Amino acid sequence: MRNILKISIVFALLLTVGCSKEYLDPAPQTSLSDLTVFDTKDRVVAQVNGMYAFMKSGAFLGGRFFVYNDVRADNFIPKSSNLVTNFATWNHSVVSSTNEVQNFWGSVYAAVNAINIFMDGLKTAWDGGKLTGKITQEEYNQYMSEALTLRAICFFDLLQLYAKPYNLGTTNPGVLLRLTPMKSAAGNDLARSSVGECYTQILSDLNTAESLARVNYATALDNTTRVHRNTIIALKTRVYLHMQDWATVVSESAKIVGQTSAPFSATSGVAFALNPSYTALFGTPYTSAESIFSMPFTTTNTPGGQNGLPHYYNSASSESYYLNTSPGFAYAAMDPADVRRSSLVLAGGNYFLGKYPDFTTLTNYAPVIRYAEVLLNRAEALVRAGGTVTAEAIALLNAVRTRSYPAGAYAGFATAADFYTAVLLERNIEFLGEGMRNMDLMRLGLPIPAKNTSMGNVAQITSSSTSYIWPMPANEQGLNSLLTPNE
Amino acid sequence: MKYLNILAPRFYTINLNFLFMKRILLLFSLLLIAGSFVMAQTVMISGTVTGSEDGLPLPGVNITVKGTTVGAISGTDGRYSLSAPASAQTLVFSFIGFVTQEVLISGRTTIDVVLRQDLYNVDEVVVVAYGTQQKREITGSIASVKGDAIKAVPVQSFDQALQGKAAGVQITLPNGVLNNVPVIRIRGFNSISGSSYPLIVVDGVPIATGNWGGNAITNALADINPADIQSMDILKDASATALYGSRAANGVIIITTKRGSGARTKVTYDGNIGFTQPYKIFEVMNAAQYIEHKNKAWVNLLGAAAPQISFVNDANGNPIDTRWSDYIYQTGFQHNHTISFSGSTPSTSYFLSAGFTDQEGMIKKNFYERKNARMNLDHKLNKYVNLGANIAYTLGYTEAPNTGASFATAGAARLAFVLPPNIGPYMNDGSGDYNIEGSAIGRMGQPFPVLGYYNPVAIFDLNKFTTSTDRLLTTVYASLTPVKGLVLKTQYGIDYLNAEQTTFQSPVTGDSFGANGFAGNSYQKFKRWTWTNTASYNLSIQEKYNIGLLAGIEEQYSHNIWWSGNKTNVADRFFKVYQGTWVTAGMGGGAIGENYFISYFGRASFNYNRKYYVEGSVRRDGFSGLAAGNKFGTFGGGSLMWNASNEEFISSALGSIFSDIRLKASYGRVGNISAVGDFSSLFLYGAGVYGAVPTLGFNQAGNADLQWETSDKYDIGISFGILNDRIQSEINYYYNDINGLVLNVPQSPSKGIPGNTIPANVGSMYNTGLELTLTSFNFSTSRFSWTTTLNLSTLKNEVTALAPGVTQILGITGGLETTNRTVVGKPVGGLLAVETRGVDTETGRRVYVNAAGEEVLFYFENTGAARWQYRDGSGNAPAITTAADGKVMGSPLPKFFGGLDNNWSYMGFDFTLGLTYSLFFDIYSGSKAGLRDQRWWNNSVEVYKTAWANPGDKTNIPKPVMNDNISNGSSFPISENIERGDYVKVRSMSAGYTFRKLPAETNIESIRLYGQVFNAFVFTKFSGSDPEVSTQGNSNIAPGIDRNSAPQARNFVFGASINF
């Protein structure tokens, strides 16, 4: 009998062992399921901020997008020949498989998809009544407005590197207009839209966004790091400038450039104005009235080692870029008394930008668009639209110029062409290291100048050269059978 | 007992009809109840056991009454006595190293036995899934390696020592860095996105594997002291592995640790000391050669106005000529010690051991230390119940500089050959300061661009990377044998592994110069429990019908927590640890994973008269990582064996030559779960921050349809013994068809899917090969013996399907270089390169071949479209790219591989010679691209001697043009850098002498003194440091890459093994 008892105990044990339901269905503790992300307003707002976080990836607005546009152009010389830090972009030797060609594309489209997924999810939740009592109609509109604006920035920035500029023809291949959320294996193939179609989409997104946007936020930080109505208008002046639709640049900029003489502050919405100090723009708190839209960084949210602007422009970095001091480049065009020149850092015999001093923590904000650009956009458009140099145009140009170089005010210009040269130079000097130069050259169809330096001689690239724009990324070419390569 | 015999055949029939777990258990319980009524009468039998060779008494011999658990163990005088049931007919005498003998009792009460030494190992016991079997009874394909074969090998983990030991098992050490994780492939590559790494089972419990360190690489298998291992059994075919179900596709390695036996306490000390050195270091230019070569290259780029490199004088006014490898490699010292106690009483057997190993690597600042203790106990509580436990606790510590292969600018192996020889590690002003320039090594006034690479002496001195582990590996069990042949066993296994990594990067220079120093700690806590309950029943009817049944339930739960913190901007340079004071706290990181298996399994085996064997197993696994409704899968296998030599007509015809002939065939379907993560089926959002506000973002596109990969494995084989087993051989042919491969299906990057992939069961491929194992006891006398073991494997792998619309899967090296392409119709991981055809003799330019087959030359010094020109003079050509012009130019999978071991012993002397070989395979030598790069990087002496200089020069080194990073393959892989890797390696050579018959007062039974060389020689035409290399570690899709990998190490060891 004792045996039977023992055996029974063992068997009782054996048979009670079995499938434990809770073990078979574990739930992740560090990620949220897609079913719960619209449950509260906080989560919706977190998703909105999540779209900005995608934009802020190191390969995109976290740093490298600006660097690509600067080092492609003429002002900089690399310290290092490291291919990881954009050497191939600098000497125009990128091919379809070069990392920056693939990584930038991937980062931007990751943001596009995150935005599309959010808009789709938000709309579904809203229409389904899931958000009733949690967010208001105004908030719903505002989130949609932010999403559309960010998507427009994505497409616009993609066009800068992968497509021929608008002025070379609207039927040239543009980029892929991904407008719906991608969550499954379907949909690898998509043909490129034309440059004209891309601009139409960008403007459609921005115009819709403008109509839905909120006017301002409660804090200066939000006004600089999130999109509001005046941000959208400022971006539109840039887009129309690239389209050479001068009249619309003038009319759009008029919405925010409220005054007709210096300091030209905005009079409705967020009161954009030039910051009195140029150098202070690039220091804490980074939220001056001039900083329309910037990417914020903190010590716990850095752009990553080889991505951040300080890594590329700070003298302490082994892989930074310094200014080409030969005649014909921005450095030589600056007067020694110009703050923008005097604030440069001389190290090891070379001049480096002082804009991004925080090489240790990499927390310098990355400026996406500043009010100074809106003023210069308007100045240029005023002249180009009418063909004559107006007093307002000169005043706008001088407002930006004399802030940093009080003695440098222009009294007048003999010809409109002289004005164009001056405004282009001003942009070159003002936005050094902010990703403007290459965009300015290309929107006008200008060649990228030759660079003869100790790091090699790089020939001039004209607008007819295949190197004028980047190739389509190899990894996209391999999977998207409808993709037209850049010949 | 008769009652039971009558019932048993009926039971078997029933079992065939109902192969369901719970019913089997019910039937077992019926049996038990039946069995418990049986009453026994006994008879006393005693006698003496002696050895045939010397006639001396043999202690510790196991004597059992056949078919029962009744038994005894012989004492120090060789005497035994036991009380056998009256019905007992046969006694079985078994002792390790001797041929098991069965003796008919025939009414005797005194039985003396002489045991013959088992010279040919025919009676080996092999550990199989959830049990053991006699080697000759095994119907599946299993290779066994004894622990003795590896214990004196100077390795950190046993897997390193398995190289070349078993057919079909390919083991590659990625490089000579201490404690690296070897690449193990059993019968080829069995996955693409998942792992091809086998399941490792230690004393019945599947354990954690892989690398648990960061820079300081730490192999989880190093927590097992190789000296504690009794045997390693490698399960290869589906019939052998089927009981492991969804984790069986990559094969299974079963590790069994030592147990005690023998009445006398046996004390063993094993210890050795050794030295380690890099096997081969690249020969690069000295300062004079470098200056001459680079200046020429500069003139070729810029003409007479080019800047010129020159000698730099050191503090004493002598020109600097630095051999950087001298600052990176060293002769490392190692010592290892293990002491063990083992023995048994009639009721308890014990094995206790403690080990200590302390090793310096061939790379400076590379250390490994292990302290471990083990206790294995088995106790017979009474006639019915056995209890036992294996408890092992290990402390591991690894320290290493950044030895990172591929493209790390801190990677030690790369720094050993890339840096210019005309600058040095210290300033030349006599200050003794490091030669640095910010994060990088200083230029000493030379007209280079900023070098970017670090000063290896500075970062070796200043930075520190460690991994500390503690590991508890424990099994406890209880088994009940209520009736003859039936064993109920419950076993609970624990694998707790804690790993702490620390990183300190100095603010002075190197990686964290910019951040003003960095300290990061991470902690990983892995906990797994495995509870296994089995019932096994063995029955022999009239010695002819032999039946084995096994049924079981197993649960396994694994929980893994990882978290990390980091700080930058050190407050005072005194602080070199995370716990010091730092100005800036980083975000840190963390992850929590868990998974669970619930499994039901059973096996039935049958043989008739040890002639005809049939076996089948089935396992049903549930896995938590799969979506609801998809969680369960059923796997199984079966095998047949015909022991032809037991047939009268065969043995009479062939018996004079063949002592044993067996034909085997097996089929099974098993799974591979490794590509399925803990939460792969879910659509997930991850949290982060945007500046200072929280964010949520889509970060995983899950797939609810995800399932295990399945492998259909077919195996046929023959094994035979010739001349009374003097020659033993086994030949197997296998075909392994893998379906439903989980591929991380590449998505168009423009879709913006996180990671640009979605996992899906879409691919298929197969492996097929022939395996031959031959063991020949060439001589076998008491004075002289010579044994040769040869194994040879062939391997053919072909991918037969990828995802719809996916034409290729690319393998990336170091995140930067596209080196491999997997396409349908070719082996996985083909080496991708642009074809090149040497150097044009007239222009000195590399000849590239574009996709259209046209020859194109590259002129670095030209700009724009003129850089690429058709060789035929027809003008500018489109730029060559990997994407457009690359093709698969080689396969890294060897067509043949294996090992050849020879063992000699003469009197007290013993010698071994172990070779491994791999033939017909290719390696992409990215290191060679680096060694020929025409930036300021130093080059191989070959470049100095043979670079093209004048029209008509025949060479494969093109005209040097400063900064040219394309002509030699740095920018994208070229076929010039793909080489045959075929090699024969003298893996180990040893010589020893054993002193026996020592004076009794020493209490020493024997002492063996030995010397051994590990990785002694490599015979190869490969130009890199070693053809045994894997920069990409265990990667399936990027194998066969040598990109700045550290060389292999050569070890010299001297040791003693003392038995008391």
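The values are calculated or read from the model by the stated rules, or taken from the named source; none is laboratory data. Owing to the predicted nature of the structure, the values given are computational and were not obtained by experimental measurement. Counting neighbours? That spans all protein chains shown, and the Cβs are built from the backbone with ideal geometry, glycine included.
For B:I200, all conditions in the list (1) touching a residue at least 60 places away in the same chain (Cβ under 8 Å); (2) part of a strand (DSSP E or B) hold save one; what is the number of the exception?
(1) is the only condition that B:I200 fails.
Do we have A:A273 as of a type in the set (G, A, S), within 12 Å of A:V374 (Cβ to Cβ), surrounded by fewer than 22 Cβ atoms within 10 Å (Cβ to Cβ) and under 23 Å from the mean Cα position of the chain (by Cα) here?
yes
Out of (1) assigned to a strand (DSSP E or B); (2) surrounded by fewer than 19 Cβ atoms within 10 Å (Cβ to Cβ); (3) away from chain A (no Cβ under 14 Å), what's the single condition that is false for B:N699?
Exception for B:N699: condition (3).
Which one is farthest from the other protein chains (Cβ to nearest Cβ), of the residues in segment B:587-617 that are surrounded by fewer than 22 Cβ atoms within 10 Å (Cβ to Cβ), part of a strand (DSSP E or B) and of a type in the set (A, V, I, L, M, F, W, C)?
B:V614
Filter segment B:441-498 down to residues that are assigned to a strand (DSSP E or B) and of a type in the set (A, V, I, L, M, F, W, C), then give me how many there are.
12
Please count how many residues of segment A:222-233 are more than 14 Å from chain B (Cβ to nearest Cβ) and within 13 Å of A:S294 (Cα to Cα).
2
Yes/no per residue for (1) part of a strand (DSSP E or B); (2) among the small types (G, A, S); (3) in contact with a Leu (Cβ under 6 Å, 6 or more places away or on another chain); (4) more than 30 Å from B:V828 (Cα to Cα):
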residue	(1), (2), (3), (4)
B:F911	yes, no, no, yes
B:Y917	yes, no, no, no
B:Y924	yes, no, yes, no
B:W936	no, no, no, yes
B:V943	no, no, no, yes
B:A949	no, yes, no, yes
B:K954	no, no, no, yes
B:S967	no, yes, no, no
B:S988	yes, yes, no, yes
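Of everything in segment B:500-530 that's in contact (Cβ under 8 Å) with a residue 60 or more places away in the chain, of a type in the set (F, W, Y) and more than 14 Å from chain A (Cβ to nearest Cβ), which residue is farthest from B:T581 (Cα to Cα)?
Applying the filter and picking the extreme gives B:F526.
Which of the residues belonging to segment A:431-444 are of a type in the set (D, E, K, R) and crowded, with 21+ Cβ neighbours inside 10 Å?
Correct list: A:E434, A:R437.
Looking at (1) in contact with a Pro (Cβ under 7 Å, 6 or more places away or on another chain); (2) away from chain A (no Cβ under 14 Å); (3) not β-branched (V, I, T), can you tell me which one B:N756 breaks?
Of the numbered conditions (1) in contact with a Pro (Cβ under 7 Å, 6 or more places away or on another chain); (2) away from chain A (no Cβ under 14 Å); (3) not β-branched (V, I, T), the odd one out for B:N756 is (2).
Please count how many residues of segment A:48-95 are of a type in the set (S, T, N, Q), at the interface with chain B (Cβ under 7 Å from one of its Cβ atoms) and assigned to a loop (DSSP other than H, G, I, E, B).
Qualifying residue count for the region: 3.
So which strands (runs of 3 or more DSSP E) are wholly in segment B:784-890 and hold at least 1 residues that are crowded, with 20+ Cβ neighbours inside 10 Å and in contact (Cβ under 8 Å) with a residue 24 or more places away in the chain?
B:784-794, B:796-801, B:809-813, B:817-822, B:830-834, B:836-839, B:846-849, B:855-858, B:886-890
Considering only residues that are modelled with pLDDT under 90 and either more than 30 Å from B:G805 (Cα to Cα) or within 12 Å of chain A (Cβ to nearest Cβ) (or both), which ones fall in segment B:729-746?
Answer for segment B:729-746, where residues must be modelled with pLDDT under 90 and either more than 30 Å from B:G805 (Cα to Cα) or within 12 Å of chain A (Cβ to nearest Cβ) (or both): B:L743, B:N744, B:V745, B:P746.
Across segment A:276-295, what is the number of residues that are crowded, with 17+ Cβ neighbours inside 10 Å and either under 22 Å from A:Y52 (Cβ atoms) or without any contact (Cβ under 8 Å) to a residue 60 or more places away in the chain (or both)?
Adding up the residues that qualify gives 12.
For (1) out of contact with any strand residue (DSSP E or B) (no Cβ under 9 Å at 6 or more places or on another chain); (2) outside any helix (DSSP H, G or I); (3) more than 9 Å from chain B (Cβ to nearest Cβ); (4) over 13 Å from A:G63 (Cβ atoms), each residue gets a yes or a no:
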site	(1), (2), (3), (4)
A:I292	no, yes, yes, yes
A:G304	yes, yes, yes, no
A:N307	yes, yes, yes, no
A:P310	yes, no, no, no
A:A316	no, yes, no, yes
A:E319	no, yes, no, no
A:Y322	no, yes, yes, yes
A:T325	no, yes, yes, yes
A:G328	yes, yes, yes, yes
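Name the residues in segment B:460-473 that are within 23 Å of B:Q491 (Cβ to Cβ) and surrounded by 20 or more Cβ atoms within 10 Å (Cβ to Cβ), would you?
Of everything in segment B:460-473, those that are within 23 Å of B:Q491 (Cβ to Cβ) and surrounded by 20 or more Cβ atoms within 10 Å (Cβ to Cβ) turn out to be B:R471, B:L473.
If I filter segment B:935-982 down to residues being touching a Pro at 6+ places or on another chain (Cβ under 8 Å) and of a type in the set (G, A, S), which single residue comes out as farthest from the other protein chains (Cβ to nearest Cβ)?
B:G981
This table checks each residue for (1) surrounded by fewer than 16 Cβ atoms within 10 Å (Cβ to Cβ); (2) among the polar types (S, T, N, Q); (3) over 28 Å from A:L441 (Cα atoms).
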| site | (1), (2), (3) |
| --- | --- |
| A:L212 | no, no, yes |
| A:V215 | yes, no, yes |
| A:I233 | no, no, no |
| A:T237 | no, yes, no |
| A:H242 | no, no, no |
| A:A254 | yes, no, no |
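When you scan segment A:207-277 for helices (runs of 4 or more DSSP H) that lie fully inside it, which ones turn up with 3 or more residues that are among the aliphatic types (A, V, I, L, M)?
A:229-242, A:246-256
Restrict the check to segment A:297-316 and report whether at least one residue is of a type in the set (A, V, I, L, M, F, W, C) and either surrounded by 24 or more Cβ atoms within 10 Å (Cβ to Cβ) or in contact with a His (Cβ under 6 Å, 6 or more places away or on another chain) (or both).
yes
Which one of these is in contact with a Pro (Cβ under 8 Å, 6 or more places away or on another chain) and within 14 Å of another protein chain (Cβ to nearest Cβ): A:A191, A:A163, A:A125?
That would be A:A163, the only listed residue that is in contact with a Pro (Cβ under 8 Å, 6 or more places away or on another chain) and within 14 Å of another protein chain (Cβ to nearest Cβ).
Of the conditions (1) more than 7 Å from chain B (Cβ to nearest Cβ); (2) at pLDDT 90 or above; (3) under 29 Å from A:Y140 (Cβ atoms), A:L35 satisfies every one except a single condition; which number is it?
(2)
Please go through segment B:210-235 and give me each residue that is β-branched (V, I, T) and closer than 20 Å to B:T467 by Cα, ordered by number. Please lay out each step first, then the result.
Quick first cut of segment B:210-235, residues β-branched (V, I, T) only: B:217-218, B:224, B:229, B:234.
Listed by number, the residues that qualify are B:I217, B:T218, B:I224.
In segment B:493-552, which residue that is of a type in the set (D, E, K, R) and modelled with pLDDT of 95 or more is surrounded by the fewest Cβ atoms within 10 Å (Cβ to Cβ)?
B:K525
Out of curiosity, is A:N486 at negative phi, touching a helix residue (DSSP H, G or I) at 6+ places or on another chain (Cβ under 9 Å), among the polar types (S, T, N, Q) and at pLDDT 95 or above?
no
Restricting to segment A:447-470, name every residue that is assigned to a strand (DSSP E or B), at the interface with another protein chain (Cβ under 9 Å from one of its Cβ atoms) and touching a residue at least 24 places away in the same chain (Cβ under 8 Å).
A:G456, A:V458, A:I461 - these are the residues of segment A:447-470 that are assigned to a strand (DSSP E or B), at the interface with another protein chain (Cβ under 9 Å from one of its Cβ atoms) and touching a residue at least 24 places away in the same chain (Cβ under 8 Å).
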